[in-house]
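Written out below as structure tokens is the structure these notes cover.
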Amino acid sequence: MTTRSPWAREYARRPNEYVLGTAPSAFARTLRALLVPGAQVLELGCGEGRDSVFFAGCGCDVTAVDVSAAGLRKGERLAQRAGVDVRWVHGDAARYLPTGQFDFVFSCGAIHYVPRRLRPGLLARVKAATRPTGIHAHLVFTDCTVYVEKNERIDYFAAGELSGVYDDWQIAWSGHGTIPCDQDGRPHRHGVEELIARRPATKEDAVTVCRLSILEELA
């Protein structure tokens, strides 16, 4: 299992420290109003688990995937401290996804580490694994402001590239800007694109929902 991200090494090198902290990311907090209790949530590249634990604390059923076993161990400890359950999955999301259908798919600062040649397949798979009217929310690094830290290797997203992947969905938000960082000891900024998109419901989906509702009433 390989990654071009430096953070898996950092998680293992500092086993008793949460490298990125334990509070949820600002991006995750902005999504609070979209989280429905009981929703099936999938986080890609969960790191040390801070956002997955936040989503679980909002009443969601969370599956969290990361290549770093050390990060997942930290996530499990964080979930225990918070008194929530998360399904932690050790794997490379670029090549493997947990089975099931999800209501909400989330990534924050993760999928730009997936090589460009593998990204279309990853995003196609997570779109296919999303229920009608389900939501995707991603934050990725872009080439508008580049700062390389800890010898990371990134295929930066071009401006508008991420939203182009979702041109067949309903885009609720697409924004560009920068975020501050000082993980290498020097204050700097990374260019980012944030996207929130909803899978449209088809006529076939509406028929299925109607049938399920009728069956529930008859049960």
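If you go through region 21-47, how many residues are hydrophobic (A, V, I, L, M, F, W, C) and either in contact with a Pro (Cβ under 7 Å, 6 or more places away or on another chain) or crowded, with 19+ Cβ neighbours inside 10 Å (or both)?
First pass over region 21-47, keeping only residues hydrophobic (A, V, I, L, M, F, W, C): 23, 26-28, 31, 33-36, 39, 41-42, 44, 46.
From what's left, either in contact with a Pro (Cβ under 7 Å, 6 or more places away or on another chain) or crowded, with 19+ Cβ neighbours inside 10 Å (or both): 27-28, 31, 35, 39, 41-42, 44, 46.
Summing the residues that are hydrophobic (A, V, I, L, M, F, W, C) and either in contact with a Pro (Cβ under 7 Å, 6 or more places away or on another chain) or crowded, with 19+ Cβ neighbours inside 10 Å (or both) in region 21-47 gives 9.
Within region 47-70, which residues are outside any strand (DSSP E or B) and more than 13 Å from A8 (Cα to Cα)? Reasoning before the result, please.
Taking region 47-70 first, the residues outside any strand (DSSP E or B) are 47-60, 67-70.
Those that are outside any strand (DSSP E or B) and more than 13 Å from A8 (Cα to Cα): R50, D51, S52, V53, F54, F55, A56, G57, C58, G59, C60.
Can you name every residue in region 123-156 that is open to solvent by less than 20 Å² (accessible area, probe 1.4 Å), within 22 Å of Y96 (Cβ to Cβ) and free of Cβ contacts under 8 Å to residues at least 60 places away in the same chain?
Those that are open to solvent by less than 20 Å² (accessible area, probe 1.4 Å), within 22 Å of Y96 (Cβ to Cβ) and free of Cβ contacts under 8 Å to residues at least 60 places away in the same chain: L123, H138, V140.
When only residues in region 185-207 that are open to solvent by 50 Å² or more (accessible area, probe 1.4 Å) and part of a loop (DSSP other than H, G, I, E, B) count, which is modelled with the highest pLDDT?
Among those that are open to solvent by 50 Å² or more (accessible area, probe 1.4 Å) and part of a loop (DSSP other than H, G, I, E, B), it is R199.
Mind listing whichever residues of region 47-70 are touching a Phe, Trp or Tyr at 6+ places or on another chain (Cβ under 8 Å) and touching a residue at least 60 places away in the same chain (Cβ under 8 Å)?
Correct list: G47, S68, A70.
Go through region 74-91 and report how many residues are open to solvent by 20 Å² or more (accessible area, probe 1.4 Å) and touching a residue at least 24 places away in the same chain (Cβ under 8 Å). Don't jump to the end; show me each part of the working.
Keep residues of region 74-91 that are open to solvent by 20 Å² or more (accessible area, probe 1.4 Å), which gives 76-77, 80-88, 90.
With the extra rule that they be touching a residue at least 24 places away in the same chain (Cβ under 8 Å), the set shrinks to 76, 82, 84-88, 90.
Here the count works out to 8.
Please specify each residue of region 92-118 satisfying the condition of being surrounded by fewer than 17 Cβ atoms within 10 Å (Cβ to Cβ) and modelled with pLDDT of 95 or more.
Q101
The values are calculated or read from the model by the stated rules, or taken from the named source; none is laboratory data. Quick caveat: nothing in here was measured; it's all calculated off a predicted structure. Neighbour counts run over all protein chains shown; Cβ positions are idealised from the backbone, glycine included. SASA here: full protein model, heavy atoms, side chains in, ligands and nucleic acids out. Shrake-Rupley method; radii C 1.70, N 1.55, O 1.52, S 1.80 Å.
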